[in-house]
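Enquirer: Structure provided below as structure tokens; questions to follow.
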Amino acid sequence: MRSRHLVLAGIACVAAALEPQLAGAAGIRILTSSAGSCFQTISPGLLVNLLVTYDPAYGFTPQSPTSITGAEFRLELGEGLLFSSFTPYPAGSVVTGTPIDGIHLEFTNCATTPQDMFLGTLTTITFLQLPQQTWHVRGGATGSGACPLVRTCAPELAWVPVLGAEFTLNSNSPPYTCYATLCETIAVEANTWGAIKSVYR
């Protein structure tokens, strides 16, 4: 059995061998702030705010956690963006990393929702006329095919792999559903936030 360490935004988690691709599970998605859709046209020079959400029902898997206390994900965005930043929600949440290199998000309390849970706002701008492109929500380091993760609430505090969704930009035929990006699941040991932080002391 092959093993490796998954390191995201300065957080080390012990990982087991890669498992088969995830066929359906909860989803972390990028949505427009107005219509809540997975596509948008972005004009040059306009500052755009998009929502990053977690939907326990996405993918029709009842076992997906509806209560979480954190998330780890990476936003694979297209070229031509001047900058991208991420503002976490709720206020007081601890966030490390960047949208491109990977975000580790820690809530101050356990959060519960039957459907879309607001994780934060992605803000971006471009001064170019961008071609059609597809963005992806992924996990792990840049270039990996790992799934995003959410962490269940106490007492388990277990990291659970979920699907990331696609976001279509500047399309003449936009999709009418949030298509999922298949990814590789990684079994991650349950651990406490304090124990993880102690590794770096």
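Any read-out appearing in this document is the output of simple, stated calculations on the displayed coordinates, not a laboratory observation. Since the structure is predicted, the reported quantities are computational estimates derived from the model, not experimental observations. Cβ: placed from backbone, ideal geometry, glycine included. Neighbour counts: every protein chain shown.
Enquirer: Express in nm, to one decimal, how much length is gained between residue 154 and residue 184 on full extension, taking 0.36 nm for each residue of separation and deducting their alpha carbon distance.
Expert: Full-extension gain reported as 8.3 nm.
Enquirer: Oh, and also: If you rank 147, 183, 110 by fewest surrounding Cβ atoms within 10 Å, what's the result?
Expert: Starting with the residue having the fewest Cβ neighbours, the order is 110, 183, 147.
Enquirer: For each of 179, 89, 54, count neighbouring Cβ atoms within 10 Å of the residue's Cβ, then give the residues from fewest to most.
Expert: The fewest-first ordering by Cβ neighbours comes to 179, 89, 54.
Enquirer: State the extension gain, in nm to one decimal, for the chain segment bounded by residue 129 and residue 171, taking 0.36 nm per residue of separation less the distance between their alpha-carbons.
Expert: So the chain would gain 13.9 nm between residue 129 and residue 171.
Enquirer: Just add up the charged neighbours of residue 69: K/R +1, D/E -1, any other residue whose Cβ is under 9 Å from the Cβ of residue 69. Write out the running numbers ahead of the final one.
Expert: Numbers: positive: 151; negative: 106.
The answer is 0.
Enquirer: What does the convex hull of the Cα atoms come to per residue for the stretch 35-134, in Å³? Mind dumping the intermediate values first?
Expert: Details: hull volume 11.1 nm³, N = 100.
Measuring per residue, one finds 111 Å³ for the Cα hull of the stretch 35-134.
Enquirer: Shifting gears a bit: Figure the gain on full extension for residue 47 and residue 141 (residue separation times 0.36 nm, minus the Cα-Cα span) and round it to one decimal in nm.
Expert: Length difference between fully extended and current span is 31.1 nm.
Enquirer: Shifting gears a bit: Sorted by average packing, counted as other Cβ atoms within 10 angstrom per residue and highest first, what order do 35-47, 70-82 take?
Expert: Going by the mean number of other Cβ atoms within 10 Å, highest first, we get 70-82, 35-47.
Enquirer: Here's a follow-up. What order do you get for 101, 55 when you list them from fewest to most C-beta neighbours inside 10 Å?
Expert: 101, 55
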